[in-house]
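Each value in this text was obtained by applying a stated rule to the coordinates, not by laboratory testing. What you see is a predicted model; the values in this text were computed from it and never measured. Here the Cβ positions follow ideal geometry from the backbone for every residue, glycine too, while neighbour counts run over all protein chains shown.
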Amino acid sequence: MRKLEFDYEMRLSFSSPVTEHRFQLRCVPATGPRQQIVDTQVVLDPDAPVETSVDSFDSIVITGYIPQPHATFGYHVTGLAFVDTEHVKPEPVKPLYRFESSLTMPGPEIAALSSRCAARIARLGPDSSPSAKPPR
């Protein structure tokens with residue numbers, strides 16, 4: 001297992017002061033089967049109260065609001081990652097595209113490719129070798 005330190009900083013400069021600034025940051029690595037993230041610290045400039053949540057990919061999401069005028073916005077993230085590539089556990093499947101929606105529906109090019117692939121697989125026949133067929 002390796003112990004890695006991470007340190008990341010981002011700074012934005014606006015052309016004129018902004019107000020009513022709402023932000024959403026995904027700047028902290030996620031803990032998962034290959035890595036454990038500990039001792040994280042996020043510092044905002046200007047300082048603002050934040051809410052922390054976890055999205056559907058188990059990523060940490062930091063949201064906040066700065067009502068007063070400011071010409072710059074920045075954050076600095078530090079922490080430790082313990083990485084283990086020798087004892088990797090399987091990750092759960094995330095069915096992002098399992099159900100069609102207006103954003104995930106295949107377009108005409110993908111539909112045509114899928115039809116061509118299905119026709120080629122059908123021509124292989126039931127007695128073809130396992131390596132000739134895609135996994136089910």
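Using the beta-carbon distance between residue 117 and residue 54 and R0 = 30 Å, what value does 1/(1 + (r/R0)^6) give for FRET efficiency, to the nearest 0.05? Mind dumping the intermediate values first?
Working: r = 36 Å, r/R0 = 1.20.
Once the sixth-power term is evaluated, E becomes 0.25.
For Cα pairs less than 8 Å apart in space and 6+ apart in sequence, what is the mean separation divided by the residue count of the chain, i.e. the relative contact order in percent?
Normalised by residue count, the contact order of the chain is 33 percent.
Of the peptides 44-55, 74-85, how do they stack up when ordered by the mean number of other Cβ atoms within 10 Å, highest first?
Details: 44-55: 12.0, 74-85: 14.8.
Averaged packing, sorted descending, gives the order 74-85, 44-55.
Using a ≥ b ≥ c from the Cα gyration tensor of the chain (square roots of the eigenvalues), is it rounded, prolate or oblate, where a/c under 1.5 gives rounded and otherwise the larger of a/b and b/c decides, a/b for prolate? Numbers along the way, then the final one.
Values: a/c = 3.71, a/b = 1.80, b/c = 2.07.
Oblate.
Between residue 36 and residue 80, what is the label-to-label distance in nm when each label sits 7 Å out along the Cα-to-Cβ direction?
Using points 7 Å along Cα→Cβ, the separation is 1.0 nm.
Do the sum for the chain: with -39,500 (n - 2.57) for every DSSP H run of n ≥ 4, divided by all residues, what is the mean residue ellipticity at 222 nm, to the nearest 500 deg cm²/dmol? Write out the running numbers ahead of the final one.
Values: 1 runs with 17 residues, N = 136.
Per the formula, -4000 deg cm²/dmol.
Under the 0.36 nm per residue contour assumption, what length would be gained going from the current alpha-carbon distance of residue 128 and residue 93 to full extension?
Values: separation 35, 0.36 × 35 = 12.60 nm, distance 2.89 nm.
Taking 0.36 nm per residue and subtracting the Cα distance, the gain is 9.7 nm.
For the peptides 116-125, 32-41, what is the packing order when you average, over each peptide's residues, the other Cβ atoms within 10 Å and list the highest mean first? Before the final figure, lay out the partial values.
Details: 116-125: 10.1, 32-41: 13.3.
Output ranking for 116-125, 32-41: 32-41, 116-125.
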